[in-house]
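The values are calculated or read from the model by the stated rules, or taken from the named source; none is laboratory data. All figures in this text were calculated on a predicted structure; none of them were measured in a lab. Note that each Cβ is placed from the backbone with ideal geometry, even for glycine, and that neighbours are counted across all protein chains shown.
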Amino acid sequence: MMRRLIACLWLAFVPPLSAQIVVTDVVSVADTFVRSVDPAGNYGGAGALAVSGSIATNVLGQQEGLLDSFMRFDATGVISNLNSSLGTGRWVIVSATLNLFEQGAPNNPIFNRGVGAFEVRWIATNTWAEGTGNPNGTTTNGVVWNDEPSVLHSNLDESLGSFVNGGTDGVVKASLGMPAGFANELSSVGLVSFYFTATTNSPVGFTFHSHNFVDSTQWPFLEITAIPMPQITSLVVTGTNIQISFVAVGGVTNTVEYKNDLLVGSWNALTNIADASGNVSVIDPGAGGLPKRFYRVRVTIVGD
């Protein structure tokens, strides 16, 4: 019996880790906007990005078509830092907030104005090229409007939420959803791409600074929050049962899982504990009489 408990603890226990880590220096590495009225023109070298629906108009009261934007981040450095700080694979990203610096009244007539809703999507394609075009001279060396059908994939891409711009100069914060595809790529690959588009019939005309803007403090950036994985601290036989104690982390669902053979079969859920924090104990009834059983605690983000 004692050998069984020691084996379980050896697999699941690590020394206590620090609290959540927030990383705010993840700036975009590529970004551009595309226009429906210039379907073959690239604007990757511009200092601004834009999202516009078909209702918004520019400074002259003219409608300049639909505008969408693409943006890519490289968070591989974040993954390396988290592995160093919390242990390799011993952490989970629980939130990502996109910070955008709006220009409320752009003078360039290429940009429409208006307050309204826009959608941010994580897209599975990371191979699109930023290009070097700008409003004074477009190019064809990067993604353009006509490329959208080959870059976007409805069966893979995931919506990260709908947001509303402010209409004035200032920061627009978008607290992104964490669906599985986006969360997995952000946590493992580190390279993630976003697509910005107006929602149906939205009056949005949202212009914001790109990573080519003259002031680097106003470039788009991601604010990423990660927490340590929960830690099993003890396994105790109580009669015919086993009591599993662990340190839970808040803001997530802590799922206690078990299996009787590490090499065969899938992990089975014993119980789910949502949004708990601190020391938690659960009972596995009848497990005390088994020849062996292994446990782990897995986390998923609450609401996703």
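If I filter the stretch 94-107 down to residues being hydrophobic (A, V, I, L, M, F, W, C) and at pLDDT 90 or above, which single residue comes out as surrounded by the fewest Cβ atoms within 10 Å (Cβ to Cβ)?
Among them, the one singled out is Ala105.
Conditions (1) part of a loop (DSSP other than H, G, I, E, B); (2) more than 27 Å from the chain's Cα centre (by Cα); (3) surrounded by fewer than 22 Cβ atoms within 10 Å (Cβ to Cβ); (4) not aliphatic (A, V, I, L, M), marked per residue:
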{"position": "Asp31", "(1), (2), (3), (4)": "no, no, no, yes"}
{"position": "Met71", "(1), (2), (3), (4)": "no, no, no, no"}
{"position": "Ser85", "(1), (2), (3), (4)": "no, no, yes, yes"}
{"position": "Thr88", "(1), (2), (3), (4)": "yes, no, yes, yes"}
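Within the bounds of the stretch 207-226, is there any residue that is at pLDDT 90 or above, in contact with a Gly (Cβ under 9 Å, 6 or more places away or on another chain), not assigned by TED's automatic domain parsing to the domain that holds Thr125 and not hydroxyl-bearing (Ser, Thr, Tyr)?
Within the stretch 207-226 (the criterion being at pLDDT 90 or above, in contact with a Gly (Cβ under 9 Å, 6 or more places away or on another chain), not assigned by TED's automatic domain parsing to the domain that holds Thr125 and not hydroxyl-bearing (Ser, Thr, Tyr)), the answer is no, since none of the residues qualifies.
Across the stretch 175-190, which residue is modelled with the lowest pLDDT among those that are assigned to a helix (DSSP H, G or I) and either farther than 21 Å from Leu86 by Cα or hydrophobic (A, V, I, L, M, F, W, C) (or both)?
Of the stretch 175-190, the ones assigned to a helix (DSSP H, G or I) are 180-188.
Filter again for either farther than 21 Å from Leu86 by Cα or hydrophobic (A, V, I, L, M, F, W, C) (or both), leaving 180-183, 186.
Working: Ala180: 88, Gly181: 93, Phe182: 95, Ala183: 91, Leu186: 94.
Out of the qualifying residues, it is Ala180.
Restricting to the stretch 171-228, name every residue that is among the acidic types (Asp, Glu) and touching a residue at least 40 places away in the same chain (Cβ under 8 Å).
Scanning the stretch 171-228 gives Glu185, Glu223.
For Ala117, indicate whether it is more than 27 Å from Val37 (Cβ to Cβ), touching a residue at least 12 places away in the same chain (Cβ under 8 Å) and assigned by TED's automatic domain parsing to the domain that holds Ala198. Give the steps one after another, and end with the answer.
On the way: more than 27 Å from Val37 (Cβ to Cβ): no; touching a residue at least 12 places away in the same chain (Cβ under 8 Å): yes; assigned by TED's automatic domain parsing to the domain that holds Ala198: yes.
Against the criterion (more than 27 Å from Val37 (Cβ to Cβ), touching a residue at least 12 places away in the same chain (Cβ under 8 Å) and assigned by TED's automatic domain parsing to the domain that holds Ala198), Ala117 does not qualify.
Inspect the stretch 230-242 for any residue being surrounded by 16 or more Cβ atoms within 10 Å (Cβ to Cβ), in contact with an Asp or Glu (Cβ under 6 Å, 6 or more places away or on another chain) and not assigned by TED's automatic domain parsing to the domain that holds Trp128 and give the result as yes or no.
Yes, the stretch 230-242 has at least one match.
On the given criteria, is Val59 in a loop (DSSP other than H, G, I, E, B) and not small (Gly, Ala, Ser)?
yes
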